[in-house]
Amino acid sequence: MIRQINMMVEKATTYLHSSFFPNFSIWLVIGYSGRPMPHSPQLSPLRIAIAGLAALAVAMGIGRFAFTPILPMMQDDYAVSVGLGGWLASANYIGYLLGALAVTLWPLRGRAALAVSMLAVALSTFAMGLTDQPWAWMLLRFAAGVASALMFIAVSTRCITALAAAGRTRLTGLVYAGVGGGIAATGLLCLVLMQSGSGSAWAWCIAGLFALLLALFVLPVLGRVRLPAAVAAPDTRSHVGGGAALLVLCYGISGFGYIIPATFLPVMAKAVVPDAALFGWSWPVFGAAALVSTLVAAALAQRLGHRRVWMLSHLMMAAGVALPALFGGLAAIILSALLVGGTFVVTTLASLQVARETARGDATRLVAAMTAAFALGQIIGPLAAGGLFDAGYGFDAVLILGAVLLALTALLLSEPRARKAA
């Protein structure tokens, strides 16, 4: 197995070195040095949105969530326990938290951060397939988490600002559809590999190569997006307080509430139906729901407003999180995938738009603070779930707790004074 992977690496390296790296090196030096790219026409809003979609497919679909459908494969290959799975997931989320916190202190001014973070996601993902040591997995998932946070904030800030300036805010939904697209793609990849008898090492390596290929398209496009001066440099007049503090709290609860099914849903499905041809569909369904719902929510927000969409998403997510605990069975898990998958990206889409409206200036610091709170919730969730599961308590208690907290934050978001403060 390792010999086959090494042969694949050698062939891919030869191809990339001859076909990609010479041109990429020139682009990286010229395009990210602050000098204009030669022959770079004005970027269309649609092209920016599609590049953002591909970038978030890498940052979130691969850097963050490729672990979820690969975990059942790692359980078969290396006898990985749910407890160790929780630690590996949380290592990624700790990296995500630290990456977001770093941006609150040192806002992303340079375009090179996007290139470095995207390549880091690709390489750390690929390297997961080259080792069977838990300590190495922990370090690689941590690195992928840091890079994912930097990518997410850089892409969100650039795309939201550029599309708003062009008067094409509806295309923001297309950008965030990349999260669901990446999740669905990795889920389908794992489904095919499990059906063919391939192991988790192949899944990690192929996902890493896929991320690298997407970088060929994304970086030359988003690297040329020029932010207005008010966004390219920190705006000292923007603040995180009052209504903004409520946004940080609610977004943090969202991270805790959805992360249990988002980390262990295929594991839950496998426990009910061991056949990969059946349980393997839980994650592609999760991703497909995320993709479709994001596009629908963009239009829905025009009628209801971003805050109300966020509130409704929390209510639906609460129902989805509670379902596996209340009913069990594969049908409840698939419905949970639809409800949670169909709302967690919508929550991000709506909340970041509310953040942009609340900041009244540069939203980078507020987005970073919200992302950090979201990551903190995600760190606590898998550790609690994994510890309780290995102790013999299952997933039910933490699922119910997450559902209750989501319902409470929905009430906070609907409170009239909160709407006025934001």
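Side notes on the structure shown:
- Residue within segment 98-117 that is within 24 Å of LYS270 (Cα to Cα) and either in contact (Cβ under 8 Å) with a residue 40 or more places away in the chain or in contact with a helix residue (DSSP H, G or I) (Cβ under 8 Å, 6 or more places away or on another chain) (or both) present: no
- Boolean, VAL354 is in contact with a Lys or Arg (Cβ under 6 Å, 6 or more places away or on another chain), surrounded by 22 or more Cβ atoms within 10 Å (Cβ to Cβ) and of a type in the set (A, V, I, L, M): yes
- Matching residues in segment 261-289 - criterion: being farther than 15 Å from ALA66 by Cα and assigned to a helix (DSSP H, G or I): MET268, ALA269, LYS270, ALA271, VAL272, ALA276, ALA277, LEU278, PHE279, ALA289
- In summary, ALA350 fulfils each of the numbered conditions (1) free of Cβ contacts under 8 Å to residues at least 60 places away in the same chain; (2) part of a helix (DSSP H, G or I); (3) more than 16 Å from the chain's Cα centre (by Cα) with the single exception of condition (3).
- Being touching a Lys or Arg at 6+ places or on another chain (Cβ under 6 Å) and either of a type in the set (D, E, K, R) or touching a residue at least 12 places away in the same chain (Cβ under 8 Å) (or both) is a property that ALA288 lacks.
- For segment 190-205, the set of residues classified as without any contact (Cβ under 8 Å) to a residue 40 or more places away in the chain and among the aliphatic types (A, V, I, L, M) consists of VAL192 only.
- Scan of segment 399-410 for residues that are among the β-branched types (Val, Ile, Thr) and closer than 15 Å to SER254 by Cβ, ordered by number: VAL404, THR409
- Filter result for the condition that a residue is touching a Ser or Thr at 6+ places or on another chain (Cβ under 8 Å), surrounded by 23 or more Cβ atoms within 10 Å (Cβ to Cβ) and closer than 30 Å to ALA165 by Cα, over ALA289, ALA359, ALA337, ALA372: ALA372
- Between LEU171, LEU140, the distinction of being in a helix (DSSP H, G or I) and under 18 Å from ILE62 (Cα atoms) belongs to LEU140 only.
- Residue match in segment 49-66 (condition: in a helix (DSSP H, G or I) and closer than 14 Å to ILE260 by Cα): no
- Whichever residue in segment 241-285 is free of Cβ contacts under 8 Å to residues at least 12 places away in the same chain and farther than 16 Å from GLY328 by Cβ and, among such residues, is surrounded by the most Cβ atoms within 10 Å (Cβ to Cβ): ALA245
- Qualifying residue in segment 100-118 (condition: touching a Phe, Trp or Tyr at 6+ places or on another chain (Cβ under 7 Å), of a type in the set (A, V, I, L, M) and over 22 Å from GLY255 (Cα atoms)): yes
- For ALA113, the stated conditions hold: it is within 17 Å of LEU214 (Cα to Cα), assigned to a helix (DSSP H, G or I), modelled with pLDDT under 85 and aliphatic (A, V, I, L, M).
- Contact annotation: residue pairs with Cβ atoms under 7 Å, 6 or more positions apart or on different chains, pairing a residue in segment 376-391 that is over 13 Å from THR263 (Cβ atoms) with a partner that is polar (S, T, N, Q) and surrounded by fewer than 18 Cβ atoms within 10 Å (Cβ to Cβ), are ASP390/SER81.
The values are calculated or read from the model by the stated rules, or taken from the named source; none is laboratory data. Quick caveat, the model's predicted, so the values are computed rather than measured. For neighbour counting, all protein chains shown are included, and Cβ atoms are generated from backbone atoms with ideal geometry for every residue, glycine included.
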